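**Q** One structure, as structure tokens, below. Some questions next.
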Amino acid sequence: MLIVLDTLRHDMLNSEVMPNLFRYANQPGWINASEHISGGNSTKAGVFSLFYGLPVTYWDAFTASQTPPVLMETLEAQDYRFKVLSSATLVSPAFDRNVFAGLENVSLEPAQGSPWERDRQITESWLAWSEEESRG
């Protein structure tokens, strides 16, 4: 599972500010990306650079050609299952045409309501999907 929290400072993942995620993050298998350096100070630049390992100056070329990141192609080739959920739209910026291009299980409609309600909706959606995947 990859959890991307836009604009979150790594030092906020602690027992006081985020107790549930902190507890999860301290289980075996968690990779702490506290040394990740963002490729920009915006959602578009940060997410693009996270997935591609390239600066956002390549955005237009990859979006026009709808070329997914090598990371996603490699994970897909290794039979990883994907469920992409977001509390914000994935069409502006056009992550549906680059980072998540070609994936079938991408929710392009963002969750509705206040921020905490959207977070709860995507958490519940992921839990339901995860349960379904583990049965089948």
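The values are calculated or read from the model by the stated rules, or taken from the named source; none is laboratory data. Predicted, not measured: the structure shown is a model, and the values here were computed from it. Cβ sites come from the backbone with ideal geometry, for glycine too, and all protein chains shown count toward neighbours. Accessible surface areas use protein heavy atoms only, side chains included; no ligands, DNA or RNA. Shrake-Rupley method; radii C 1.70, N 1.55, O 1.52, S 1.80 Å.
**Q** Starting from segment 44-55, keep only residues that are farther than 17 Å from residue 90 by Cβ, then list their pairs with residues that are charged (D, E, K, R) whose Cβ atoms are within a distance under 7 Å, requiring at least 6 positions of separation or different chains.
**A** Matching pairs, first to second residue: none at all.
**Q** So, in segment 12-25, exactly how many residues are in contact with a Ser or Thr (Cβ under 8 Å, 6 or more places away or on another chain) and either more than 26 Å from residue 42 (Cα to Cα) or surrounded by fewer than 10 Cβ atoms within 10 Å (Cβ to Cβ) (or both)?
**A** Count: 1.
**Q** Out of (1) open to solvent by 80 Å² or more (accessible area, probe 1.4 Å); (2) within 18 Å of residue 1 (Cα to Cα), what's the single condition that is false for residue 60?
**A** (2)
**Q** Now for a different question. Which one is farthest from the chain's Cα centre (by Cα) among residues in segment 6-64 that are among the aliphatic types (A, V, I, L, M) and farther than 30 Å from residue 97 by Cβ?
**A** Within segment 6-64, the first condition is being among the aliphatic types (A, V, I, L, M), and the residues that meet it are 8, 12-13, 17-18, 21, 25, 31, 33, 37, 45, 47, 50, 54, 56, 61, 64.
Within this subset, residues satisfying the condition of being farther than 30 Å from residue 97 by Cβ are 12-13, 17-18, 25.
Numbers: 12: 18, 13: 17, 17: 21, 18: 18, 25: 16 Å.
Result: 17.
**Q** On to the next question. Within segment 5-19, which residues are at pLDDT 80 or above and of a type in the set (Val, Ile, Thr)?
**A** 17
**Q** Any idea which of 28, 93, 69 is open to solvent by less than 60 Å² (accessible area, probe 1.4 Å) and modelled with pLDDT under 95?
**A** 93
**Q** Select from segment 97-118 the residues that are surrounded by 15 or more Cβ atoms within 10 Å (Cβ to Cβ) and part of a helix (DSSP H, G or I) and list them in ascending order.
**A** Matches in segment 97-118: 97, 118.
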